[in-house]
Each structure stands twice: as structure tokens, then as C-alpha cells.
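Shown next, in C-alpha cells, is the structure this report addresses.
The values are calculated or read from the model by the stated rules, or taken from the named source; none is laboratory data. Everything numeric in this text was worked out from a predicted model, so none of it was measured. Neighbour counts are summed over all protein chains in view; Cβ atoms, including those assigned to glycine, are modelled from backbone coordinates with ideal geometry. Side chains are part of the model used for accessible areas, which takes the heavy atoms of the whole protein and leaves out ligands, DNA and RNA. Shrake-Rupley method; radii C 1.70, N 1.55, O 1.52, S 1.80 Å.
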Amino acid sequence: AEQLPRRCMLVGRRQRRARKQAVEALRFPGRDRLVLFVCQGNICRSPFAAALFRSRLGDRSIGAGSAGLMPQPGRSTPDLGLQAAASHGLDLSAHRSVWLTRDMAESATLVIIFDEVNRAAIFDRYPKLQTPVVSLGELAGTGNIADPVAGDLSEFHRVYERIAEGIAVLGSLA
């Protein structure tokens, strides 16, 4: 019984820390702001999140991009991802995966990840990265957002809904 309140306190601390980092990065004066969404393959979660974030920015001058941690550039979003994105009014058919480079990570104002595997891979590759790396799930208080690549259409819808929740929070902080 004691574990649940402790876990809730830990989630609350992570959420507050993530939101603080996001606000500091997004409201940073004197520099172009770029939010870079990074997932494993850059075909499902990160392109959807970047497109949704761009669609919700309105007149705010914040750039949004996406990249992946797998060295397999040029891959397209799976058909199920295209269908799920379309239900949010987004067309990902022109998207092609991009491999995260040091320059991309360092030029971003904020890097948004989806799970702890993403965070570990980024800091394994770029241990001296100074750009804040924040979990979208921590921002929303929902935890890791799993990769839907091996799932069915309902899994893509579920994951994209969780991403949309996180994007709503991120947008409110910008």
C-alpha cells in the first residue's frame, strides 16, 4: 500500500521536472526555437508528433522536426500509421525517416523522446549533449509511449492518442 503513494510522488516529480525543462527551452529568448521529436525508427511516433505539434502551433514561431535512432534513413510511415494519422487530420505520406545526427541534436532547443530506450540511446551516442531531453509521456504524466510499429490499427490509434495528449501539454507550455 505504501508503494503506490511513493510511485505517485515520483511520477509527479518527473512531470514537474519535465515541464520545467520544456518551459525553459521553449521560452528561451534570443534564439530560434526548434523542438526535435526522436524515436527509434522515425517512422511512427516522432513524425506524427512533429506534424501534430506543427499543426497546433498557430502563429508561434517554433520549428518542429523529427529523427530516429536507427541508421536506416528513407523509410516511410507504415500504412497503419498513415491511417491513424489521417484520423487526426494529418498526412504523413511524404515523410521519410532521418537518422539523428549530433548536429541535429545540438541545434535543437528541446529534444522530445517517447521512452527510456530513446533517452539511453541518445546519451549513449552523444554523452555530452547539452540540449534538454524530455519524455513526452512525462510531460503528460502518462509514462512511456510504446512503439506501435508491430501493432494493429487500434494500437496505432491508442499510441497516437497518447501522443496527442502530450502535444496538448507541450503546446500549452510554449
**Prompt:** Over the heavy atoms of residue 91, what accessible area does a 1.4 Å probe trace out, to the nearest 10 Å²?
**Reply:** 120
**Request:** Return the calculated 222 nm mean residue ellipticity for the chain, to the nearest 500 deg cm²/dmol, obtained by summing -39500 (n - 2.57) across DSSP H runs with n ≥ 4 and dividing by the residue count.
**Result:** -15500 deg cm²/dmol
**Asked** Can you pull the accessible area of residue 95 for me, 1.4 Å probe, Å² to the nearest 10?
**Response** 30
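To the nearest 0.05, what FRET efficiency results for residue 125 and residue 20 with a Förster distance of 35 Å applied to their C-beta separation?
Efficiency, from the Cβ-Cβ distance: 0.90.
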**Prompt:** What does the accessible area per residue of the chain come to in Å², with a 1.4 Å probe and no ligands, DNA or RNA counted?
**Reply:** 51
**Request:** With springs connecting C-alpha atoms under 10 Å apart, model the chain as a Gaussian network and identify which of 47, 71, 132 has the largest mean-square fluctuation.
**Result:** 71
